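All remarks here apply to the structure that follows.
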Amino acid sequence: MKYRKHLTSVALSVTVEQTNVITKGVDFISKQPRLNHQIQASNLRLIDDDGKQLGVMSKSEALQMAQEQELDLVEISPEASPPVVKLVDWGKYNYQRTKQLQKNRKAAKTMEVKQMRFGLKISDHDLGVKMRKVQGFLDDGNKVKITIFYRGRELAHKDIGFTLADKVITDFGDTINVDQAPQLAGKQLNFVIRSNQNAKVKDA
């Protein structure tokens, strides 16, 4: 009996560790569903791999059916009364589930705000280089906060900064939306842009 208790505690420990595994770029299923003998309820509502209702039966009957079909029993609705379980190929089911989680996380990804700084006297060449970097940020789905900074007496020529900001916005054209119009704050002129998803791709 002590040996069996030890094995049970080890199995539970492994289960807990598995629920905390983090895969590359994805929190691997924060709540791992119960499988087979991990299912606690004595009576279950069973559906097959195609979603067909097989009715309410005891846990032992459901496990036997899973064993006969060489499938696993996974608890998909633990809060239902009785809990709903499904006959699945766990490897295939878990792969599809993980892919869906990755897709959902990508869709829900918070837009990051990148930053780019221009000097008031930036050359055309350097401006072109920085504009291409900004375009890369936009293509990745990020917002970009552009800062034009003034040095010393340059602050006496605020209009030059606004002209430069207008040039940047005009060069991007309808491929961007301006989330924050150019605003002067101290010795910096700031504005925020993001990609316009509805813009039509211009012919080269």
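So here's what we get for this one:
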{"quantity": "Matching option when the condition is part of a loop (DSSP other than H, G, I, E, B), in contact (Cβ under 8 Å) with a residue 40 or more places away in the chain and either touching a Pro at 6+ places or on another chain (Cβ under 8 Å) or surrounded by 15 or more Cβ atoms within 10 Å (Cβ to Cβ) (or both), among Ile160, Ile122, Ile146", "calculated": "Ile122"}
{"quantity": "Qualifying position, being in the same structural domain as Gln40 (by TED's automatic domain parsing) and in contact with an Asp or Glu (Cβ under 9 Å, 6 or more places away or on another chain), among Glu70, Glu75, Glu61, Glu79", "calculated": "Glu70"}
{"quantity": "Any strands (runs of 3 or more DSSP E) falling wholly within the stretch 32-97 and containing at least 2 residues that are among the acidic types (Asp, Glu) and surrounded by 15 or more Cβ atoms within 10 Å (Cβ to Cβ)", "calculated": "72-77"}
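The values are calculated or read from the model by the stated rules, or taken from the named source; none is laboratory data. Everything quoted here is computed from the prediction, not taken from an experiment. Glycine also receives a Cβ, built like all others from the backbone with ideal geometry; neighbour counts cover every protein chain displayed.
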